[in-house]
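The values are calculated or read from the model by the stated rules, or taken from the named source; none is laboratory data. From a predicted model like this one, the values you see are computed outputs, not experimental measurements. Note that we place each Cβ from the backbone using ideal geometry, even for glycine, and neighbour counts take in every protein chain shown. Surface areas here come from the heavy atoms of the whole protein model, side chains and all, with no ligands, DNA or RNA. Shrake-Rupley method; radii C 1.70, N 1.55, O 1.52, S 1.80 Å.
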Amino acid sequence: MAQLRKVEIRKKTRIFDDFFKIDELVVAYQKCDGSMSADQRRLVFERGDAAAVLLFNTDRKCVVLVDQFKAPTLGKGLGGGWITEAVAGMVERYETPETAAVRETMEETGYKISALRPIAKFFSSPGGTSECIYLYYAEVRDIDKVGKGGGIEAEGEDIQVKEVPLDELLEMVKCNRIEDPKLLIGALWLGEELKGRARR
């Protein structure tokens, strides 16, 4: 592993403090040639980390996804403001990413999961936000559906649960019809995982 380069934070100021937060940083960092950069002003969007789950129902041979309204996708996405995603939600201060993944799965889909397999950990948009996403894979059966799902109404959530057959999901990858990066990474991982299982 390469040695970490030096970073100096000259100043840090919170310039927006609401549900989301924005910090203004003045930083200098060690460049490729070993010298230090000039001071640079950067804005960092702080929204916390998130946990996501690619949920596979082994009885139905389908992936369990969620469809919900996301205002930032208006005018840009295929769904006119609605987007089909992997189960996901923010990791609360008292939680680990694993406990957040289990909680969000129950809230959004009604499925109780007991085992998580890590797929990846990645930054959603490292040029602007510190958010790190922890993506997991979990298998469920029909018997594991113990709640109604649909999100938490008091928080304004209105989530439609969708069951997508595995072949259809992989076709969505080929046809560029997946707009959620968590789902795209998970679908690509699952495709490779199933190829590996077939070779064993």
*Somewhere in the range 139-146, is a residue of a type in the set (A, V, I, L, M, F, W, C), modelled with pLDDT under 95 and either farther than 24 Å from Trp82 by Cα or surrounded by 15 or more Cβ atoms within 10 Å (Cβ to Cβ) (or both)?*
yes
*Do we have Gly149 as at pLDDT below 95, in contact with a Phe, Trp or Tyr (Cβ under 8 Å, 6 or more places away or on another chain) and either assigned to a helix (DSSP H, G or I) or of a type outside the set (Asp, Glu) (or both) here?*
yes
*Is it the case that the range 85-95 has a residue that's of a type in the set (D, E, K, R) and closer than 20 Å to Val173 by Cα?*
yes
*Number of positions in the range 154-184 that are open to solvent by 90 Å² or more (accessible area, probe 1.4 Å), in contact (Cβ under 8 Å) with a residue 24 or more places away in the chain and not in a strand (DSSP E or B)*: 2
*Within the range 44-58, is there a residue that is more than 25 Å from the chain's Cα centre (by Cα), surrounded by 11 or more Cβ atoms within 10 Å (Cβ to Cβ) and not hydroxyl-bearing (Ser, Thr, Tyr)?*
no
*Among what's in the range 95-136 and is of a type in the set (Val, Ile, Thr) and in contact with a Gly (Cβ under 7 Å, 6 or more places away or on another chain), pick the residue that is surrounded by the fewest Cβ atoms within 10 Å (Cβ to Cβ).*
Ile119
*Out of the residues in the range 66-94 that are in a strand (DSSP E or B), under 16 Å from Ile133 (Cβ atoms) and not charged (D, E, K, R), which is most open to solvent (accessible area, probe 1.4 Å)?*
Met90
_Which numbered condition Asp33 fails, given (1) without any contact (Cβ under 8 Å) to a residue 60 or more places away in the chain; (2) closer than 21 Å to Ile152 by Cα_ = (2)
_Answer from Glu108, Glu139 - the residue that is in contact (Cβ under 8 Å) with a residue 40 or more places away in the chain and part of a strand (DSSP E or B)_ = Glu139
*In this structure, does Arg41 turn out to be more than 19 Å from Arg93 (Cβ to Cβ), open to solvent by 50 Å² or more (accessible area, probe 1.4 Å), among the basic types (Lys, Arg) and in contact (Cβ under 8 Å) with a residue 24 or more places away in the chain?*
no
*When the range 7-30 is examined, which residues are found to be exposed (fewer than 11 other Cβ atoms within 10 Å of the Cβ) and more than 29 Å from the chain's Cα centre (by Cα)?*
Lys11
*Tabulated pairs, the range 1-25, first farther than 14 Å from Leu43 by Cα, second part of a loop (DSSP other than H, G, I, E, B) and open to solvent by less than 100 Å² (accessible area, probe 1.4 Å), C-beta under 6 angstrom, 6+ apart or interchain*: none
*asked:* Could you check the range 1-52 and list, in sequence order, the residues that are basic (Lys, Arg), in a loop (DSSP other than H, G, I, E, B) and more than 27 Å from Pro97 (Cα to Cα)?
replied: Arg5, Lys6, Lys31
